[in-house]
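Trainee: Handing you this structure, nothing more for now.
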C-alpha cells in the first residue's frame, strides 16, 4: 500500500491514508522565446525551474473522535521539511503546506486535501563512494547536479568532470 512520509514519519503512523494515487508532479522550466526580425525561428532562453505544486487527498478512520488526531497530524504536516513516497527512493524539500478543511460527517471519520509547494528537484540521500582505482561516478538525475567531492590521500591524481 502506498504511503507518504514527511521527514521520518509515515502518514499511516498518524492513522491517515492517501485516497488513490497522486499525480506525479513535474517541475516546469521558465522559457522565453524571443522573435528576431530576419531570423528563422525564435531564440530560446531557458531559465530556472519553478516550484512544484502537489495536492494529495487523505482520509482517516478511527474508533473514537478524530479531533485530537487531527491536531497532531496538522502539526506534523505543517512542520515537515521533506516529503517522500514509500514506492520511490527520492524525496522533495517542502517549502509550504496548506491543510484543507476536514469533512467530518461522523466523529470517527474525516477527509481532507493537503496542498504542498515543493522544491523543483528530487533528491537522494547522500551516498559516500570510495574509489581506489579509476572509475566513473554517474548522476542518475535529469539535469545537472552539484556534487560535492571530498578527496583524501597522497600522491598524484587526475579528476575529469564533464
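The values are calculated or read from the model by the stated rules, or taken from the named source; none is laboratory data. Note that this is a predicted model, so its numbers are computed, not measured. Every residue, glycine as well, gets a Cβ built from its backbone with ideal geometry; the counts of neighbours run over all protein chains shown.
Trainee: Which numbered condition in (1) at pLDDT 80 or above; (2) exposed (fewer than 13 other Cβ atoms within 10 Å of the Cβ); (3) more than 17 Å from residue 22 (Cβ to Cβ) is the only one that residue 73 fails?
Mentor: Failing condition for residue 73: (2).
Trainee: Report the residue count in the range 1-44 for those that are part of a strand (DSSP E or B), out of contact with any helix residue (DSSP H, G or I) (no Cβ under 9 Å at 6 or more places or on another chain) and within 23 Å of residue 89 (Cα to Cα).
Mentor: Taking the range 1-44 and keeping what is part of a strand (DSSP E or B), we get 4-6, 9-10, 16-18, 29-34, 43-44.
Next cut, out of contact with any helix residue (DSSP H, G or I) (no Cβ under 9 Å at 6 or more places or on another chain) only: 10, 29-34, 43-44.
Imposing the further condition that a residue be within 23 Å of residue 89 (Cα to Cα) reduces the set to 10.
Of the residues in the range 1-44, 1 are part of a strand (DSSP E or B), out of contact with any helix residue (DSSP H, G or I) (no Cβ under 9 Å at 6 or more places or on another chain) and within 23 Å of residue 89 (Cα to Cα).
Trainee: If you go through the range 79-130, how many residues are in a loop (DSSP other than H, G, I, E, B), in contact (Cβ under 8 Å) with a residue 40 or more places away in the chain and surrounded by 15 or more Cβ atoms within 10 Å (Cβ to Cβ)? Give the derivation first.
Mentor: The initial filter retains those residues of the range 79-130 that are in a loop (DSSP other than H, G, I, E, B), namely 79-81, 86-90, 100-102, 104-108, 119-122, 124-130.
With the extra rule that they be in contact (Cβ under 8 Å) with a residue 40 or more places away in the chain, the set shrinks to 80-81, 86-87, 107-108, 119-121.
If we keep only those that are surrounded by 15 or more Cβ atoms within 10 Å (Cβ to Cβ) as well, we get 80, 119-121.
Residues flagged as in a loop (DSSP other than H, G, I, E, B), in contact (Cβ under 8 Å) with a residue 40 or more places away in the chain and surrounded by 15 or more Cβ atoms within 10 Å (Cβ to Cβ) within the range 79-130 amount to 4.
Trainee: Applying the selection to the range 1-43, what residues are more than 22 Å from residue 122 (Cα to Cα), in contact with a strand residue (DSSP E or B) (Cβ under 7 Å, 6 or more places away or on another chain) and surrounded by 10 or more Cβ atoms within 10 Å (Cβ to Cβ)?
Mentor: Within the range 1-43, 15, 16, 17, 19, 32, 42, 43 meet the criteria.
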